[in-house]
1. Looking at R355, R367 in this structure, which one is in a helix (DSSP H, G or I), among the basic types (K, R) and surrounded by fewer than 22 Cβ atoms within 10 Å (Cβ to Cβ)?
2. Return a yes/no flag: does the stretch 359-375 have any residue that is within 28 Å of E241 (Cβ to Cβ), in the same structural domain as W282 (by TED's automatic domain parsing) and modelled with pLDDT of 95 or more.
3. Residues to consider are G196, G191, G200; find the one that is small (G, A, S), at pLDDT below 95 and within 23 Å of G300 (Cβ to Cβ).
4. Residues to consider are T187, T277; find the one that is β-branched (V, I, T), touching a Phe, Trp or Tyr at 6+ places or on another chain (Cβ under 8 Å), closer than 26 Å to P364 by Cα and in a helix (DSSP H, G or I).
5. Can you name the residue in the stretch 58-89 that is of a type in the set (S, T, Y) and at pLDDT 95 or above and, of all such residues, is surrounded by the fewest Cβ atoms within 10 Å (Cβ to Cβ)?
6. When you go through (1) surrounded by 14 or more Cβ atoms within 10 Å (Cβ to Cβ); (2) outside the structural domain of T277 (by TED's automatic domain parsing); (3) not acidic (D, E) one by one for A337, which number turns out not to apply?
7. When you check I272 against the structure, is it assigned to a loop (DSSP other than H, G, I, E, B), buried (at least 21 other Cβ atoms within 10 Å of the Cβ) and among the β-branched types (V, I, T), yes or no?
Amino acid sequence: MNRRSSPGRGLALAALALGLAACGQRTPGAPSHLAVWWWGEQEAPGAQSWMAETVEKYQSAHPDVRIETRLQSTDSLETAFHAAAAARHGPDIQSLWAGLWTLQEAWEDALVPTSSLMPESEYRHYIGNDQRRFEGKVWGVGLYLSGTSIAFNKDLFEKAGLDPDGDYSTWPAFLAACAQLTRAGITPLAGGLADGWLAGRLWQLLGRQTLDSAADMMQAMTGAAKLTDARYAAWWSKLAELKSKGCWNGDIGTIDYQQAQGLFLRGQAAMIVANDTSYPDWIRQVGKDKIGVMRVPVYGSGRLAHTYAVTTPGLCITSWSKARTQAADFLRFMHTAERLQAWYAATGLFPADDRFDAAVIALPQMRQVFTWIKQGPGPDLEDFIPPSVDEQLVTACRLLFAGTMDAAQCARQLDMAAAAWRAENPRQMENYRKWIAR
């Protein structure tokens, strides 16, 4: 999930919005028109063909509905939606990431609660509702599960004298493995910070380990705790330790995540921190017997330390839609048994629905991931911090790897970003506090 900081709504976006087509409008007696702006093919290869088939099947069963889909890129997803929201013209259904990424749009009156448009007997099966719940309502529908772990090259482990089936789940064991790979002339970890994706992943995988729940992080966002406190800042020292011990490729600060992925897939690095959504495609490229998966090594003793971070990218219904009922029905159609299994067949990923038949999971790596999710799911902490804080997190990580800031300075920068967000967004703060108290 390649998330970026969301741009604000301003005059430039309002001007852009004037050029948008008036989607979602309905002429009396004409078929209902649904505009779907969605994101997913980048993270879930095969999603585009699944969406096209889903639209075709739905329209065949509902000839009075016409659906137009627009596949968004990561860079255009939020910018285009904010322009649409400013003009109150655009999609009826919009892709949004979970947690604050969805709720901040609900707080701006850009969304309507999906739980008001479908029965509880249906949406209770959707995974990720808690990440979208505010004041007793659910503001969107999860589409699929997206978690984060580490993929590794079994051949490179063996070349370094490491057991591919060994246990590297503790911090000392992981550092020892990195050292052994380095001695064998192998780069332990592939990474790229130029596009910001990796910074958020590292924070929520390492920073979570001293926390007991997402509410702990949310309290820090409100100022009830400081991000310079040891509980919140310890992870910076762990990240600095990985850097100082030479665990990463030397050009981590100048390449992006896609380039780092290339290093891993070409066998130029032994491991990579990754969304598990990438694994089916990588396994097809490299070979089922070449790639292993492991949990992130544990150093902390918080309750979240041993959980598997997972989120549910999803779809929401806009507040200006003239076809809300049809939009909700189309979302329900995506969660029918046939469509759930079709999603897995097309992408190899798990749909966000507890009715998914996991018996069809064929790849052993993905069976392992599914077991981690079932046994110990935990929140993706990036869903609970403001985009402006996320942006400063990216900057601080880059400066740490560049050697121009140390761990303590990085923690201070993030704490100042949270304080600035509180001062500049009093209305969001009010809603954020309500969200914590749910």
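1. Result: R367 is the single residue among R355, R367 that is in a helix (DSSP H, G or I), among the basic types (K, R) and surrounded by fewer than 22 Cβ atoms within 10 Å (Cβ to Cβ).
2. The answer is no; no qualifying residue exists.
3. Working: G196 fails: within 23 Å of G300 (Cβ to Cβ); G191 fails: at pLDDT below 95.
Answer to the selection: G200.
4. Working: T187 fails: in a helix (DSSP H, G or I).
Going through T187, T277 in turn, the sole match is T277.
5. Step one: list which residues in the stretch 58-89 are of a type in the set (S, T, Y), which gives 58, 60, 69, 73-74, 76, 79.
With the extra rule that they be at pLDDT 95 or above, the set shrinks to 58, 60, 69.
Working: Y58: 19, S60: 8, T69: 17.
The residue in question is S60.
6. (1)
7. For I272, the condition - assigned to a loop (DSSP other than H, G, I, E, B), buried (at least 21 other Cβ atoms within 10 Å of the Cβ) and among the β-branched types (V, I, T) - is not met.
Yes or no, residue by residue, for (1) small (G, A, S); (2) assigned by TED's automatic domain parsing to the domain that holds A177; (3) closer than 25 Å to C397 by Cα; (4) at pLDDT below 95:
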| site | (1), (2), (3), (4) |
| --- | --- |
| Y232 | no, yes, yes, no |
| G246 | yes, yes, yes, no |
| D251 | no, yes, yes, no |
| M271 | no, yes, yes, no |
| A274 | yes, yes, yes, no |
| T277 | no, yes, yes, no |
| A305 | yes, yes, yes, no |
| S321 | yes, no, no, no |
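The values are calculated or read from the model by the stated rules, or taken from the named source; none is laboratory data. Computed from a predicted model, the values in this text were never measured in an experiment. Note: ideal-geometry Cβ built from the backbone for every residue, glycine included; neighbour counts use all protein chains shown.
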